[in-house]
Amino acid sequence: MPAEPVYSSAEDPQLVEWAKAGDMVAFEELVSRHRDRIYVRAYSIMRNEDLAVDLSQNAWVKAWQRLDQFHGDASFPTWLSRIVTNLCLDELRRQKRARMDSIEAMEESTGPVENRLEMEMVDPVEGLDREELRERIDAALAKLSDKHRTVIVLYEFEQLEYRQIADRMGTSIGTVMSRLFYARKRMASLLNETLKRDGLIE
Amino acid sequence: MNENETELRVQALVDGELAGTEADELRARIQGDDALRELHARLTAARGLMDGAELPRPLPEPGDFHWSQISEAIEREDRQARRLAKPSTRAGWLLSWLPPLAGAACILLLLTSPSRHDGPPDLGIMLGSDHELELSDDTIDVMTYNTGDDNMSIVWLDFSIDLRPDTLHIWLD
């Protein structure tokens, strides 16, 4: 009689192989290992807890259905992160269609202001630990427009190249560069604002 | 090249998206331009700041519940996919021929039927001009509802005896 697979000690690639053969327990173990990371990525883009939970659940369902397409070129969590990112982009497009107004209109109104912003210097300061800084970065990200935040998340966190971001967002490389530039300007400005307000920098 | 394009190219350099001669030329230009040097420094600092800055967040629902939602969705979609799945080749072949064969059989039956006539089928019931149903047996109440628009008649029979063909004669006149 073959031995029962030891799921908790198995490596991801082994679990993926078992899951590909229809083993739901192996897949459950993968979910258990990576669910927080996938949720965080969805939250970073959507900034909405309920939506992030729904989209990360959908990502797992899609992953199960597409396991045959996973060939191990990237790690399993990276592959899954791509799936949830794409779902988030689809959701943002859907939202945009639903409210035909905002994003473009907002960019039109805020663009010129952002263009006038100076690129401010932001350095981690003494007395401000990494965790505190992360929280401030997170708060600043929440204040960006959907498109600026998405491009930052895709570049900085998802570590995609300009070309890959352009493909996923259905836009040109030039637009990606421009959005990334203004998103960084805005982030720097927001961070300086909060650090000054808290007396952490002059 | 305008100022905005130069800024975007400096950013591309910081992001490692510029290579070869293009990158070398821009580096040389940055060295000789205070404003570009400052922009390069600021972009590099901003880039360093974002590195690994994604705030970790625990899933706002219990892991078991999260998994149960996922596994239910997987099962639901599997069931739906099976339902929508195409039938097997042999069954598909049969199903594709079934409707035309059935149609042909019906036509053949109608053409060869010996009791074929132009009027309504002989049910032992006759319809008169007023489309009222009449019964020979007084123990049965009858109520008829006719809708001329829909060409439909509805008949209620209320009886307390066993209906037998030899004791009951129903006709419409």
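Miscellaneous remarks
- Length gained when the stretch B:Ser153-B:Leu111 is fully extended (0.36 nm per residue, less Cα-Cα span): 12.3 nm
- Residues of type lysines that A:Lys62 reaches as a straight line, Cα spacing below 18 Å, ignoring anything fewer than 8 places off in the same chain: A:Lys20
- Taking amide H atoms as placed 1.01 Å from N in the peptide plane, the amide H of B:Asn146 lies under 5 Å from those of B:Ile154, each 5 or more residues away in sequence or on another chain.
- Interface burial for B against A (accessible surface, 1.4 Å probe, total of both chains, Å², rounded to 100): 4100 Å²
- Hydrodynamic radius by Kirkwood, which averages 1/r over all alpha carbon pairs of the stretch A:1-72, in angstrom: 13.1 Å
- In this simple spin-label model, placing a label point 7 Å from the Cα along the Cα-to-Cβ direction at both A:Ser75 and A:Val25 gives a separation of 2.6 nm.
The values are calculated or read from the model by the stated rules, or taken from the named source; none is laboratory data. Because the structure is predicted, anything quoted here is derived from the model rather than measured. Quick reminder, even Gly has a Cβ in these numbers, built from the backbone with ideal geometry, and neighbours come from all protein chains shown. For accessibility, only protein heavy atoms count, side chains too; no ligands or nucleic acids. Shrake-Rupley method; radii C 1.70, N 1.55, O 1.52, S 1.80 Å.
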